[in-house]
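Notes follow once the structure below has been shown.
The values are calculated or read from the model by the stated rules, or taken from the named source; none is laboratory data. All values reported here derive from a predicted model rather than from experimental measurement. Backbone-built Cβ (ideal geometry, glycine too); neighbour counts: all protein chains shown.
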Amino acid sequence: MGHSAVTDLECEYRGPTRGADRAVLLAHGAGSDMHAPALTTVADALAEARIPSLTFNFPYRSAGRRSPDRAPVLEAATREAAHELAKRARVEPERVVLGGRSMGGRMCSQVVGAEGDPLPALGLVLLGYPLHPPGKPETLRIEHFPRIRVPCLFVSGTRDAFGTPDELQRHAEKIKGVVEWHWIETADHGFKPLKSSGLTVDAALAAAAAEVVRFVGGL
């Protein structure tokens, strides 16, 4: 467990501390924290591939609150965590891949696609991107998509109530960077597949983590 000097950024660094040429930031979803299985499974797979990563808690989580902070606070924390990761992994800021689960991935995409002062990045990893709130397909979170110019990997379940494969693919066409997809068959927003699929959550997460390692390694 580490704390940065700047603020009380609660974070955990995995992987080599020297010799890496890229690193991955992993931000958690709204109802979770940095110990979420979707993040730790990916972080462990990256560490095995000798790619450093950093998981961190948004301020509301560190303060023990359930309700997420406002977007500016979440975005500031994302920027700080990316800076902390670059420092620890000894890589240039533009060699950091930003990513995360649901809200965390969305915040990463927003700082990379910011109108003023976009955060440099090697790529984006969006695990269960929350395209819209469940049942509200008209409330889209894509305003920043046209400003994203880095390669993106979307990992989503085919039964995700926050965005169907068709919806995601249609709206992701606005992204200027190369977009890749990894679909978890029959899985919901939490990456939980239907029992009938024969696929377990652990197997789904392991396959997603392997895909992230492949994507990051190829950038």
If Glu92 satisfies all but one of (1) within 18 Å of the chain's Cα centre (by Cα); (2) under 20 Å from Gly113 (Cα atoms), what's the number of the condition it fails? (1)
Selection count, the stretch 187-208, where residues are among the charged types (D, E, K, R) and touching a helix residue (DSSP H, G or I) at 6+ places or on another chain (Cβ under 7 Å): 1
Any chance you could count how many residues in the stretch 30-53 are assigned to a helix (DSSP H, G or I) and buried (at least 18 other Cβ atoms within 10 Å of the Cβ)? 8
Please determine, by comparing only the residues of the stretch 2-15 that are part of a loop (DSSP other than H, G, I, E, B) and more than 20 Å from the chain's Cα centre (by Cα), which one is modelled with the highest pLDDT. Asp8
Matching option when the condition is of a type in the set (Gly, Ala, Ser), assigned to a loop (DSSP other than H, G, I, E, B), at pLDDT 95 or above and crowded, with 17+ Cβ neighbours inside 10 Å, among Ala208, Ala187: Ala187
Hey, any hits in the stretch 123-132 for a residue that's of a type in the set (Val, Ile, Thr), in contact with a Gly (Cβ under 9 Å, 6 or more places away or on another chain) and closer than 24 Å to Thr164 by Cβ? yes
Subset of the stretch 173-183 [within 16 Å of the chain's Cα centre (by Cα) and either buried (at least 20 other Cβ atoms within 10 Å of the Cβ) or of a type in the set (Asp, Glu) (or both)]: Glu180
